[in-house]
Amino acid sequence: MNRPLEEIRMRAGRLSVVNDELREECVAIARESSAQRSFKDAIVACRKYGIGGMEAIGVAKATRWLAVIRRDYGDEKFNQAVRTLAAATPTS
């Protein structure tokens, strides 16, 4: 059974507060990988940016949820979620 889209988008929302480069890498991971693989690859990506521990796990979970959107709801909803993440990014 699928989780409601809004719940999954909320869970993926953690990506809106990471730096642009990491967010773009996580989006690319979620676009190309399974949900499980997305989690693992996002942990590796976090390490490249010096992020570890619970913060890396939070980013990896958000990346996995983004991959779940693509898997369960398709590319259109995935792309909408990605646009929402980019729009929610705080400006420096």
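The table below gives the values:
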{"quantity": "Packing-based exposure ordering (other Cβ within 10 Å, fewest first) of Thr84, Thr63", "calculated": "Thr84, Thr63"}
{"quantity": "Between helix 75-87 and the chain: long-axis angle, C-alpha atoms, 0 to 90°, nearest 10", "calculated": "40 degrees"}
{"quantity": "The chain, relative contact order in percent, only Cα pairs under 8 angstrom and at least six apart counted", "calculated": "38 percent"}
{"quantity": "Calculated FRET efficiency for the pair Lys48/Asp72, C-beta based, R₀ 41 Å, to 0.05", "calculated": "0.90"}
{"quantity": "Residue-averaged 222 nm ellipticity for the chain, from DSSP H runs of 4+ at -39500 (n - 2.57), nearest 500", "calculated": "-24000 deg cm²/dmol"}
{"quantity": "Residues Cys26, Cys46 arranged by fewest to most Cβ contacts within 10 Å", "calculated": "Cys46, Cys26"}
{"quantity": "Acute angle (nearest 10 degrees) that the helix 20-32 long axis makes with the longest principal axis of the chain, alpha-carbon atoms", "calculated": "40 degrees"}
{"quantity": "Order of Leu66, Leu22, Leu85 under a 10 Å beta carbon neighbour criterion, fewest first", "calculated": "Leu22, Leu85, Leu66"}
{"quantity": "The chain: angle of helix 35-48 to the longest principal axis, Cα-based, in degrees nearest 10", "calculated": "20 degrees"}
{"quantity": "Sequence-distant residues sharing a close amide H with Tyr49 (under 5 Å, placed H)", "calculated": "none"}
{"quantity": "Electrostatic dipole magnitude of segment 1-69 [Cβ: Lys, Arg +1; Asp, Glu -1; Cα centre; debye, to 20]", "calculated": "260 debye"}
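Read the figures in this text as sums done on the coordinates, not as results from a lab. Computed from a prediction, not measured in an experiment: that's the story for all the values here. Cβ coordinates were reconstructed from backbone atoms using ideal geometry, including for glycine residues, and neighbour counts include every protein chain displayed.
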